[in-house]
Amino acid sequence: MVSKNDLAILGGKPCIQTSFIDYNSIRSSDVKEALKVLDSGKLSRFVGTSGDFFLGGESVRSMEASWSSYFGTGFAVSCNSWTSGLWLAIGALGLEPGSEIIVSSWTMAATATTILHWNLIPVFADIDRFTFNLDPIDVESRITKRTRAIVSPDIFGQSADIESLKKICQKYDLKLVSDTAQSPGAKRNGYFAGTESDIGGYSLNYHKHIHSGEGGVAVTNSPELAQRMQLLRNHGEVIVGQNPELENQFGILGMNMRLGEIESAIAQNQLSSLNVAIESRRKAAQIFSSLIADFVGISLPALLPGNDHVYYVYGLKFNVEEIGVSRSTLVSALKAEGVPAIQEGYQNIHTLPLFHKELTYRGNKLPYSLLPRKRRRELAATQLTVAERLHQSEFVGINWCAKKYSDSEVRLLGRAFEKVWSNLNLLRKI
Ligand SMILES: Cc1ncc(COP(=O)(O)O)c(C=O)c1O
């Protein structure tokens, strides 16, 4: 006989009976801005040749001005996705093919694949087990005479340890690119994540705190890097009105990575709602943390001192030895109780088939390796990296941007955890 207090995974009634509303950052003012552009009939004003519109139309330029002013950077360069932004950023560094770029192994694929697009070599580094961002000590251990740059994600909503990475860059004369796709508005020691590197930038895809469907914005304080990104974004042909020496400059391998006027107008207006979006995520995270903080075997999201968090993902660690139940059983039990958007593990990009099948990256080994086969086998037999261990057995992420949680709904999430955690003895028998 199943009672209503029984775990849903065992046939009981789910603790959460409502379905949460999908998070939607688009407001009527965004619609109005988009309609204004539609009414104008000019949905993109870019021209690929010399002329006033080489740098885009009114909405593109106005949006870029708002972004650079908000983030406090000299320049903002919009583009049609943040993957494109990474491509522009890495291309703008102008590195010699075959140079190595150190990159996190715990991120989204584009952080590393855009390096390959420039015939450069991503060298994967391990992460800090508390913040999930690059571990500076591991980064330094991977520097070779071919290393030229570091690409550092600000993962899940908080900044990487940017001062330590900058020190490494100064010591070895490297460039630093921040992939702040997931963390617009996060701050480190009072500065916006993404703004302390040579180039940083944000994604405007649908899943983020604010969005324009697709889109990205790169930020930099360097006029040279900004110009190179503007050139690369628009076929690499010419640039107008900023530096006469660049007029009619050919020979840079450009692309079309231009953002449309509608998306730009939406993105500009969305920026005005970023603070509110972040605050609501933060408040929900704080309530949720207070509800589950004392449960056995759970580690809450950890903040690097000096950071604040914008909670794109609410990242937990389960100590399954302490809990005595497997991670997959726990996550299944939570899902059965109605907890949405919860997943085990996170992408270890060095294990993607692209890298380990096509490009001789091997097993759990992070460095790009043209090492002899025997040496690679020896390395593969050694212990897991932090990223691998988190992915395989400890990490559980709740996509905090997927739903709009009211305070009472967050309490429901807490109750689902409480129900599961008070019935661990039953789960141990599964
Ligand atoms: C860490 C990270 N880098 C890069 C990207 C790529 O951004 P986009 O989807 O705008 O191309 C994403 C997208 O989610 C991301 O999370």
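Quick look at the numbers
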read-out: In order through region 404-415: 3J(HN,Hα) via Karplus (6.51 cos²θ - 1.76 cosθ + 1.60), integer Hz, x for Gly, Pro; value: 9, 9, 7, 4, 5, 5, 4, 5, 4, 4, x, 5
read-out: Rounded to 5, percent antiparallel among DSSP beta bridges of region 126-212; value: 35
read-out: Distance from region 283-316 to region 1-59 (C-alpha centre basis), Å; value: 25
read-out: Folded to 0 to 90 degrees: helix 274-292 orientation relative to the chain principal axis, Cα; value: 20
read-out: Cα point-scatterer Debye curve for region 83-123, base-10 log of I(q)/I(0) at q = 0.29 Å⁻¹; value: -1.04
read-out: Förster radius 56 Å - calculated FRET efficiency between SER69 and SER328, Cβ distance, rounded to 0.05; value: 0.75
read-out: GNM result for the chain, Cα springs below 10 Å: residue of GLY48, GLY254, GLY12 fluctuating most strongly; value: GLY12
read-out: FRET E, pair ASN275, SER99, Förster distance 51 Å, beta-carbon r, rounded to 0.05; value: 0.85
read-out: Whole-Hz couplings from phi, Karplus 6.51/-1.76/1.60, listed for region 55-71; x for Gly and Pro; value: 9, x, x, 4, 5, 4, 5, 5, 4, 4, 5, 5, 5, 5, 5, 4, 7
read-out: Calculated FRET efficiency for the pair SER62/ASP39, C-beta based, R₀ 22 Å, to 0.05; value: 0.85
read-out: Local net charge near ALA341, Cβ-Cβ under 12 Å (Lys/Arg +1, Asp/Glu -1); value: +2
read-out: Cα-based Rg / Dmax (Å) for region 134-181; value: 10.4, 32
read-out: Gain in span if fully extended, ASN221 to SER289, counting 0.36 nm per residue against the direct Cα distance; value: 20.8 nm
read-out: Share antiparallel - DSSP beta bridges, the chain, percent rounded to 5; value: 65
read-out: Relative contact order (%) - region 28-271, alpha-carbon pairs under 8 angstrom, separation at least six; value: 27
read-out: Relative contact order for the chain, counting Cα pairs under 8 Å that sit 6 or more residues apart, in percent; value: 21
read-out: Solvent exposure, largest accessible area first (probe 1.4 Å, DNA, RNA and ligands not counted), of ARG228, ARG233; value: ARG228, ARG233
read-out: Convex hull volume of the chain per residue (C-alpha atoms, cubic angstrom); value: 149
read-out: Region 74-196, relative contact order [Cα under 8 Å, separation at least 6], %; value: 22
read-out: Built amide H within the under 5 Å cut-off of ALA149, gap 5+; value: ILE102, LYS175
read-out: Fluctuation leader among ALA277, ALA89, ALA160 - the chain, Gaussian network, Cα springs under 10 angstrom; value: ALA277
read-out: Volume in Å³ per residue [convex hull over Cα atoms, computed for region 29-168]; value: 149
read-out: Solvent-accessible ranking of LYS419, LYS32, largest area first, probe 1.4 Å; value: LYS32, LYS419
read-out: Å² per residue, accessible surface of the chain at 1.4 Å; value: 43
read-out: Gyration tensor over alpha-carbon atoms, region 28-271, equivalent ellipsoid semi-axes in Å; value: 30, 21, 14
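The values are calculated or read from the model by the stated rules, or taken from the named source; none is laboratory data. For clarity, every value in this text was computed on a predicted model and none was experimentally measured. Heads up, the Cβs are rebuilt from the backbone with ideal geometry, glycines too, and the neighbour counts pull from every protein chain shown. Just the protein is used for accessible areas: all its heavy atoms, side chains included, with ligands, DNA and RNA removed. Shrake-Rupley method; radii C 1.70, N 1.55, O 1.52, S 1.80 Å.
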